[in-house]
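First comes the structure, then the notes that go with it.
Throughout, read-outs are computed from the coordinates displayed, never taken from laboratory work. Given the structure is predicted, the values throughout are model-derived calculations rather than measurements. A quick note on method: Cβ atoms are made from the backbone with ideal geometry, for glycine too, and the neighbour counts reach across all protein chains shown.
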Amino acid sequence: MEALLLLAMIYAAIGLLLSLCVHVLSIIGYQPAGPGLFFALHVGIFPLWIFVVLISLKMTGGSRPRKDFWKFVLRGCPVWLKYLTYGFFIYAVVNFLYFFVTTATSGKAHAGGVSPSDWHGFSGHWMAFYCAGLAISTSAYRIGWKYLAEKCPNGHDVSPDHDYCPTCGSKVARESSPL
């Protein structure tokens, strides 16, 4: 599984770098490439996020959504990558508002494909999601696959916020992660 986590990290890093390059190029008004790259970056988030959701379910023991979800799934992530992820999500919101206002007021449609404005608007979200995928897969990789989910003595998955197994009632012995 560590190899899959490493592959997810590489995949997310490539997606993040490509979307960052596309975003910078769109700021200066350059149309980075044809619709093929746009489609690849857009759809490429989904395979990554299917894997990331499965990782996060394992990390949280499949429990209901936690109010401290991000803190929990990023517990093994380097601090700089956590802040980069938070920053990209804040930027994605601001960028989307800017994109929405500028495209709504201009009323121009771009003939023949994707406009630089479209590249700019969507790449803000791509950066956020690829960075979050990188952060969560890096966190899981650094924690180690065997430490992601806790189990009771009878082998049932237990949410990290439970001291007793909800299935059999056994006390959960906590193993500490190498971090």
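Within a 10 angstrom radius of the beta carbon, how do Tyr91, Tyr83, Tyr141, Tyr130 rank from fewest other beta carbons to most?
Listing Tyr91, Tyr83, Tyr141, Tyr130 from fewest to most nearby Cβ atoms yields Tyr83, Tyr91, Tyr141, Tyr130.
Normalised by residue number, the volume inside the convex hull of the Cα atoms of segment 2-148 is 112 Å³ per residue. Note on segment 2-148: with charges restricted to the Cβ of Lys and Arg (+1) and Asp and Glu (-1), its dipole about the Cα centre is near 600 debye. Of all lysines in the structure, those lying under 29 Å Cα to Cα from Lys67, and not within fewer than 8 positions of it along the same chain, are Lys58, Lys82, Lys146, Lys151, Lys171.
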